[in-house]
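> Following this message is one structure expressed as structure tokens.
The values are calculated or read from the model by the stated rules, or taken from the named source; none is laboratory data. Just so it is clear, the structure is predicted and the values come from calculations on it, not from any experiment. All Cβ positions, even for glycine, are placed from backbone atoms using ideal geometry, and neighbour counts span all protein chains on display. Areas reflect the complete protein model, heavy atoms only, side chains present, ligands, DNA and RNA absent. Shrake-Rupley method; radii C 1.70, N 1.55, O 1.52, S 1.80 Å.
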Amino acid sequence: MKYILQELIDIEQFQSLQDKLNEIYSFPSAIIDNEGNILTATAWQDVCTKFHRVHPESEKECRISDQYIVDHINEAHPAVSYKCPHGLVDNATPIIIDGIHYGNFFTGQFFLEPPDLDFFKAQAGKYGFDEKEYLVAIRKVPVWTNEQLTSYLFFIKGLIEVISGIGLKSLKEKETRESLKKSEALYHDLVETAQDLIWQCDSEGRYTYLNPAWEEVFGYTVEEMLGKKFTDFQTPEWAERDLQEFARLMHGNTVKGLETVHIAKDGREINLIFNAKYARDINGQVIGTNGTAFNVTGYRKTQKALSESEVQYRLLINSMAEGVVLHEVIYDNRHMAIDYRIVDSNPSFERETGIKASMAKNQLGSKLYGAAEAPFLDIYAKVAETGNPTHFETYFSPLEKHFDVSVFSHKRGWFATIFTDITERKRAEIQLQKSNEVIQAQNEEFQQLNEELSQMNDALILSKEKAEESDRLKSAFLANMSHEIRTPLNSIIGFSELLAIEDTEKEEVIRYSSIIHSSGNRLLELINLLIDISKIESGTDPVRYSPVRPAGIMHEVADGFRLMASEKCVKMLLSVPPEIQDFSFQSDSLKIHQVLSNLVSNALKFNPGGTVEMGMNLHPEGILFYVRDLGIGIPADKLSKVFDRFYQVESDHLPRSQGAGLGLSLCKSMVELLGGRIWVKCKVGKGSTFSFILTNFK
Ligand code: ADP
């Protein structure tokens with residue numbers, strides 16, 4: 001039910017109407033809606049309200065009456081009447097408006113014939129009512145005739161229906177007005193917010209209404225466009241065509257889907273599709289046109305671009321040397337790829353595979369290539385799903401060809417393949433690989449040979465160097481030896497011959513034998529040096545470690561040369577700091593003794609008269625020994641050579657000294673063997689200082 005009774009009837013007004021009627025006719029009445037709400041009530045009788053509906057037993061009887069009325073309300077004409085067990089009559093008239101039952105108009109609690117007082121006295125007795133008061137209430141109950149009742153009921157029913165009918169009408173009018181307002185607002189909103197262009201023109205084609213969407217499309221404000229003709233926004237060509245269409249409209253025709261071109265404020269072309277209809281005034285006179293237009297500029301542009309790119313695509317794939325095929329993946333209902341369909345292919349594909357484009361189109365991969373293609377389906381499906389391109393090489397046995405295949409996807413569920421016939425390249429590669437392997441093997445062999453050769457070469461170079469070295473040594477040795485040995489030998493032979501001559505004076509014999517003696521000594525000394533050097537070089541004279549007290553060795557050496565020194569008038573000095581007098585270490589005392597002896601011997605030899613000082617000191621690197629003389633010294637450019645074998649400083653004003661140039665060389669070898677180094681500092685004419693440091697001792 002759309003309405004309730006209170007909305008249709010002014011309840012207050014009706015209540016006062018009922019009250020007034022009651023004053024005239026003494027007629028209890030009430031309006032009760034279908035939910036049982038008492039909307040109006042007038043003149044309820046005391047006999048009911050104070051007696052029958054108060055006592056529980058008598059109230060049960062009242063309810064029987066109520067129920068009867070409810071059960072029979074559909075049969076009402078105009079009312080349903082019921083005489084209650086207490087003898088009062090009740091009536092109900094259904095209130096039906098516009099075919100809808102809204103509630104009931106009740107009237108009753110009256111008698112249709114004068115009451116039987118004896119009956120009511122008995123009732124008072126039965127329910128224990130105060131008889132006097134009960135009878136007073138009974139006498140107040142109006143007594144109506146049937147005719148009165150019927151005409152009253154028809155009157156009241158008509159009245160209710162008229163009043164509520166008016167209420168319904170005004171309600172409906174109100175609703176219509178509201179819905180009109182709503183639909184007007186809706187229409188306004190729709191038109192004002194519509195993306196499509198909505199317009200009205202007068203009979204001359206001047207815009208009289210434009211919705212705001214025009215501003216966005218044209219760039220003009222609506223105000224700028226209103227009052228202007230539609231042809232003002234067109235090129236003359238389009239204006240001419242559209243004026244003809246406009247004339248048709250004005251003759252009462254309609255236009256549907258008319259595509260035309262307008263010009264926007266910034267000069268852009270706008271593609272519009274018009275649907276238009278003439279507009280009439282209330283007299284049926286055509287006064288203009290109205291309709292809608294759709295902006296299809298973007299769509300047309302895209303269409304143009306698409307058709308251009310379609311042409312470009314075709315050109316591109318047709319001119320490609322590689323076979324190009326476009327495919328669509330076919331999925332089952334669980335979205336599992338089960339096959340694919342060839343959508344497009346190019347002439348190169350046809351040339352390479354022999355499959356005609358018309359044959360390939362719409363074919364399933366499984367049919368076209370057979371089972372050989374099945375393993376690739378997963379690869380294709382993955383590319384079509386992820387868009388990540390892939391690349392592989394494959395041998396297609398039916399064609400006996402090798403292909404290089406690139407797979408990529410431009411759209412989900414689609415993929416394209418680019419085939420390149422690489423059969424020739426593959427063959428060449430296999431050939432190349434084979435020859436490469438051969439070359440590799442040869443190379444390895446060659447490398448091995450090379451290594452062996454280079455090892456042999458190294459060995460050869462080494463032995464050559466050794467041979468050269470020993471050759472050089474040998475020649476140097478022979479040259480020196482022949483000279484050194486020959487000189488004393490000549491003396492020995494010569495003087496021994498002289499000794500054999502009979503008339504030799506005794507004095508001469510003494511001189512000759514002295515020469516023989518000294519030559520013999522020189523030979524012995526030379527041979528000893530050679531033996532020492534060769535022992536060191538051959539490693540047969542190793543360091544023999546024993547406790548060494550250097551101060552003691554120096555005293556021994558000094559003692560050994562004391563005689564020679566005094567003969568040469570040379571002062572021998574010994575310089576050992578007192579704190580290291582007893583210092584000792586583990587080394588080879590014989591070798592230290594020999595080095596010091598050689599140095600002192602030289603110091604005396606090249607010292608015409610002066611001082612020779614032999615000393616030692618502790619040095620940060622080890623133990624320092626030195627032999628200093630104030631002799632002839634050695635020229636600076638010769639210093640580096642004096643430790644070479646057989647080297648002797650020669651000078652015009654110096655007599656060639658006796659010796660073989662081996663002493664210092666032996667000293668150097670020995671010092672190095674003992675773990676040290678030896679050097680000399682000199683000043684010509686002012687003497688020499690030979691020093692050595694032993695760093696490696698225990
Ligand atoms: P030799 O003394 O037998 O000639 P050495 O090897 O001992 O051989 O010495 C090489 C050369 O160094 C000597 O011939 C000499 O010219 C020079 N020389 C060695 N010691 C001294 C020194 N104290 N003063 C000057 N010259 C020296």
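> Check F51, F27, F14 and return the single one that is in the same structural domain as K140 (by TED's automatic domain parsing), open to solvent by less than 80 Å² (accessible area, probe 1.4 Å) and over 20 Å from E161 (Cβ atoms).
Answer to the selection: F51.
> Can you tell which of D196, D130 is out of contact with any Phe, Trp or Tyr (no Cβ under 8 Å at 6 or more places or on another chain) and either farther than 23 Å from V54 by Cα or in the same structural domain as K83 (by TED's automatic domain parsing) (or both)?
D130
> Just to be sure, is I95 surrounded by fewer than 16 Cβ atoms within 10 Å (Cβ to Cβ) and aliphatic (A, V, I, L, M)?
no
> Something else now. Among the residues of segment 103-138, write down those that are in a helix (DSSP H, G or I) and open to solvent by 20 Å² or more (accessible area, probe 1.4 Å).
L117, D118, F119, K121, A122, G125, K126, Y127, E131, K132, E133, V136
> In segment 402-461, what count of residues is obtained for those that are of a type outside the set (A, V, I, L, M) and either on the phi > 0 side of the Ramachandran plot or part of a helix (DSSP H, G or I) (or both)?
28
> Are any residues in segment 17-31 outside any helix (DSSP H, G or I) and touching a Ser or Thr at 6+ places or on another chain (Cβ under 9 Å), and if so, which ones?
Matches in segment 17-31: F27, P28, S29, A30, I31.
> Now, a different point. Please state which of the following conditions I355 fails to meet, knowing it meets all the rest: (1) in a helix (DSSP H, G or I); (2) at pLDDT below 90.
That leaves (1) as the condition not met.
> So G323 ticks every box in (1) of a type outside the set (A, V, I, L, M); (2) touching a Ser or Thr at 6+ places or on another chain (Cβ under 7 Å); (3) farther than 22 Å from G413 by Cα but one. Which box is left unticked?
(3)
> A follow-up question, please. (1) touching a helix residue (DSSP H, G or I) at 6+ places or on another chain (Cβ under 9 Å); (2) in contact (Cβ under 8 Å) with a residue 12 or more places away in the chain; (3) open to solvent by 50 Å² or more (accessible area, probe 1.4 Å): which one isn't true of D33, the others all being true?
Condition not satisfied by D33: (3).
> Output the number of residues of segment 314-349 satisfying the condition of being more than 18 Å from T394 (Cα to Cα), open to solvent by 40 Å² or more (accessible area, probe 1.4 Å) and in contact with a helix residue (DSSP H, G or I) (Cβ under 7 Å, 6 or more places away or on another chain).
Residues that pass the stated criteria total 4.
> Would you pick out the residues in segment 603-636 that are within 11 Å of the ligand (Cβ to nearest atom), open to solvent by less than 30 Å² (accessible area, probe 1.4 Å) and not small (G, A, S)?
Scanning segment 603-636 gives L604, N607, V612, V627, D629, I634.
> Taking segment 305-324 only, how many residues are in a helix (DSSP H, G or I) and either within 24 Å of I355 (Cα to Cα) or touching a residue at least 60 places away in the same chain (Cβ under 8 Å) (or both)?
10
> Against the definition (under 25 Å from F646 (Cα atoms) and either touching a Gly at 6+ places or on another chain (Cβ under 6 Å) or modelled with pLDDT of 80 or more (or both)), how does I515 come out, yes or no?
Against the criterion (under 25 Å from F646 (Cα atoms) and either touching a Gly at 6+ places or on another chain (Cβ under 6 Å) or modelled with pLDDT of 80 or more (or both)), I515 qualifies.
> Any residue at all in segment 656-674 that's in contact with a Gly (Cβ under 7 Å, 6 or more places away or on another chain) and either more than 12 Å from the ligand (Cβ to nearest atom) or in a helix (DSSP H, G or I) (or both)?
Within segment 656-674, none of the residues are in contact with a Gly (Cβ under 7 Å, 6 or more places away or on another chain) and either more than 12 Å from the ligand (Cβ to nearest atom) or in a helix (DSSP H, G or I) (or both).
> Oh, and also: Of the conditions (1) at pLDDT 90 or above; (2) open to solvent by less than 70 Å² (accessible area, probe 1.4 Å); (3) over 26 Å from I330 (Cβ atoms), E437 fails just one. Which one is it?
E437 satisfies all of (1) at pLDDT 90 or above; (2) open to solvent by less than 70 Å² (accessible area, probe 1.4 Å); (3) over 26 Å from I330 (Cβ atoms) except (2).
> Might you let me know whether segment 541-550 holds any residue that is in a helix (DSSP H, G or I) and closer than 25 Å to K605 by Cβ?
yes
> Another question, then. Which residues, taken from segment 418-473, are within 30 Å of P389 (Cβ to Cβ) and not hydrophobic (A, V, I, L, M, F, W, C)?
T420, D421, T423, E424, R425, K426, R427, E429, Q433, listed by residue number.
> Considering only residues that are surrounded by 14 or more Cβ atoms within 10 Å (Cβ to Cβ) and not β-branched (V, I, T), look in segment 73-84 and name the one that is farthest from L149 (Cα to Cα).
In this case the residue turns out to be C84.
> Sticking with this structure for a sec: Quick one: which of L662, L666, L694, L599 is at pLDDT 95 or above, among the aliphatic types (A, V, I, L, M) and buried (at least 21 other Cβ atoms within 10 Å of the Cβ)?
Going through L662, L666, L694, L599 in turn, just one is at pLDDT 95 or above, among the aliphatic types (A, V, I, L, M) and buried (at least 21 other Cβ atoms within 10 Å of the Cβ): L599.
> Report every pair of residues separated by at least 6 positions or lying on different chains whose Cβ atoms are under 9 Å apart, first residue within segment 533-561 and surrounded by 14 or more Cβ atoms within 10 Å (Cβ to Cβ) and of a type in the set (K, R), second modelled with pLDDT under 95 and in a helix (DSSP H, G or I).
Listed by first residue and then by second, the contacts come to R549/S589.
> Continuing with the same structure: Output the number of the condition that R300 fails; it satisfies all remaining conditions of (1) surrounded by fewer than 17 Cβ atoms within 10 Å (Cβ to Cβ); (2) more than 40 Å from the chain's Cα centre (by Cα); (3) not in a strand (DSSP E or B).
Against the list (1) surrounded by fewer than 17 Cβ atoms within 10 Å (Cβ to Cβ); (2) more than 40 Å from the chain's Cα centre (by Cα); (3) not in a strand (DSSP E or B), R300 comes up short only on (2).
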